[in-house]
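Worksheet: the structure to be examined is printed underneath.
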Amino acid sequence: MEWYKEGYDIEPKKSKIMELKIEGKIKVIMDTQTFDSGFCKREFVVTTNEQYPQDVKLEFIKDKCELLDAKNVGDNVSVSFNVRGNEYNGKYYVNLQAWRIEGAEAPVDAPQPTTPEGEDDLPF
């Protein structure tokens, strides 16, 4: 069989996951949900700072739920997260599972350049 040749890598490669981040303002922080199994999660919504803002729901799980205690609605944050997907009873679900939250600089609109009256920046 050809795949047994020397130098051929038969070990499966681990998938490389790049760090995903979202920046914005906290819109909603929900209460921690605790389940009978002892599992807990805490969801929150971040509104992005872009031309067409998006409300994105993320969640912290287990011991990471405490990270939201120091944050308030209206805080500008940068959130690192992983995308998690699963299938249950023939339906597919996606969760954005946060693992770090940091304060972020408030977005600042760039100042519009002004020219003194009577001058313009045209070269002719």
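Just so it is clear, none of the values below were taken in a lab; they were calculated from the coordinates. Being a predicted model, the structure only gives us computed values, none of them experimental. Methodologically, a virtual Cβ is constructed for each residue, glycine included, from the backbone with ideal geometry; neighbour enumeration extends over all protein chains shown.
Of the Cα atoms belonging to region 18-103, the radius of gyration and Dmax stand at 13.3, 42 Å.
The 3J(HN,Hα) values that the Karplus relation (6.51, -1.76, 1.60; θ = phi - 60°) gives for region 23-38 are, in residue order, 10, x, 10, 5, 9, 9, 10, 8, 5, 5, 9, 10, 9, 4, 6, x Hz. Gly and Pro appear as x. For Asp75, the amide hydrogen comes within under 5 Å of the amide hydrogens of Ile26, counting only partners 5 or more places away or on other chains and with H modelled in the peptide plane. Counting lysine pairs in region 18-103 that sit 8 or more residues apart in sequence, or on different chains, and whose Cα atoms lie under 15 Å apart gives 8. As a rough guide to protection, the peptides 83-93, 35-45, 59-69 ranked by mean Cβ packing within 10 Å, highest first, stand as 59-69, 35-45, 83-93.
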